[in-house]
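To start, the structure itself, in structure tokens.
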Amino acid sequence: MKIVFGHGKYIRGEGLIDQIGDHVGPFGKKVCLFGGKTSLSIVSAPITKELTQHGFEMLPPIWYGGECSERNIYSLKNQVEEFHPDVLLVAGGGKALDTIKALGYLLDLPVIAIPTIASTCAAGTCISILYDDKGEFLEISRNSKNPDLILVDTQIIRNAPVRYLISGIGDTLAKWFESKASNQKAVPNAFNGSAVELARFVYELLLKEGKQATESIRKGVVSKELDDVIDAIIAVSGSISNYGGDDCRTAGAHAVYSGLTIFPEIHEVYHGEIVAFGILTQLAMEGCPDEEIQDVIAYLRQVNLPCTLGEMGIESSHISEEQWQILGNVTVEIEDMANMPFEVTPQMVIAGIRRADELGRRRQFNGC
């Protein structure tokens, strides 16, 4: 038996929040709205106004808790289950979306995702990334609802800080490098083969249009490049994850991201920014020539993604040998790392991170 998940209807356009009643109606009349604090400050008033005018019954908007953690998921369950909602709405970034996807699975309810930033593919996938309450990675959870509807209001995305879109570019770039690595271990089939080819297409699209998309955000204008990159980050990237499944979802780059969360400094860095550095580390672990890694670094610098530990707030000279060893040990235990086509040891991780950092600093010092 082959089971492949796919996200629900995807709608992108300007002003969708002001029309949300038309989209929520088919799911029922009792609604709970969740989200991050910033996202709720932007969307809760117009969403509440629109839905109440359409006769929906709502609880007051609920902050998701700040981390996609088991404690927060069950706390939200306790807050809403007596209300017996028909549908869960969630506005925000990856952690907020993942939290409510997990809650939707727990309550067996439809989920409408309203990403307010284009920083991950969380709105389009059937997994949730779980952390502890301090923000350290725990696991990839399959107890997660694939959103039944994704509403992307480009006006909201365009008004968000450009750093979020840049982070999304970093996360999405990894799809190509990770899928082609992890798929080497898989039995070829129509789905994982299509996922890899789709990842290649998205990678080439980002190389071509990523810089222009970031400039559109900075200028506050709509452009084809911005629309393409938003779609690539949220919907197409999510489809790659769903089609490829465990055969080609993640690999070394995301494992490095998760391992680096042991450093408190990294919690101020966005997911896709860390993943971008993880790409460099994965390439180093794969034994790629310096020139190939430098080509990737050149693009990361073009769109302002970090290429060194220092650019993420971690001074490599301040990492003790004990910390290096803990980092290596933790990273190889991450589920993503098992998708690499060869066995990865802690020493390979340490050497890969050091080489990536050195190459990034070399490019930086050369003024590139």
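Below is a table of values for the structure above.
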read-out	value
Residue that is nearest to the chain's Cα centre (by Cα), among those in segment 103-126 that are touching a residue at least 12 places away in the same chain (Cβ under 8 Å) and open to solvent by 20 Å² or more (accessible area, probe 1.4 Å)	120
Residue 26 being in a loop (DSSP other than H, G, I, E, B), more than 30 Å from residue 189 (Cα to Cα), of a type outside the set (Phe, Trp, Tyr) and open to solvent by 60 Å² or more (accessible area, probe 1.4 Å)	no
Scope segment 5-19; condition open to solvent by 30 Å² or more (accessible area, probe 1.4 Å) and either at positive phi or within 20 Å of the chain's Cα centre (by Cα) (or both); matching residues	5, 6, 7, 9, 10, 11, 12
Residue within segment 343-355 that is modelled with pLDDT under 95, assigned to a helix (DSSP H, G or I) and closer than 25 Å to residue 305 by Cα present	no
Per-region count, segment 223-268, residues closer than 24 Å to residue 156 by Cβ, touching a residue at least 40 places away in the same chain (Cβ under 8 Å) and not β-branched (Val, Ile, Thr)	10
Within segment 1-19, tally of residues that are of a type in the set (A, V, I, L, M, F, W, C), touching a residue at least 60 places away in the same chain (Cβ under 8 Å) and in a loop (DSSP other than H, G, I, E, B)	2
Every residue from segment 247-266 that is open to solvent by 10 Å² or more (accessible area, probe 1.4 Å), in a loop (DSSP other than H, G, I, E, B) and closer than 26 Å to residue 190 by Cα	249, 250
Residue 326 vs. criteria in contact (Cβ under 8 Å) with a residue 40 or more places away in the chain and within 21 Å of the chain's Cα centre (by Cα)	no
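Residues checked against (1) surrounded by 19 or more Cβ atoms within 10 Å (Cβ to Cβ); (2) touching a residue at least 24 places away in the same chain (Cβ under 8 Å); (3) among the acidic types (Asp, Glu); (4) more than 17 Å from residue 148 (Cα to Cα):
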site	(1), (2), (3), (4)
21	no, yes, no, no
31	yes, yes, no, no
42	yes, yes, no, yes
56	yes, yes, no, yes
89	yes, yes, no, no
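The values are calculated or read from the model by the stated rules, or taken from the named source; none is laboratory data. Everything numeric here is computed off the predicted structure, so don't read it as measured data. Glycine gets a Cβ as well: all are built from the backbone with ideal geometry, and neighbour counts include every protein chain shown. Please note that ligands, DNA and RNA were not included when accessible areas were found on the heavy atoms of the full protein model with its side chains. Shrake-Rupley method; radii C 1.70, N 1.55, O 1.52, S 1.80 Å.
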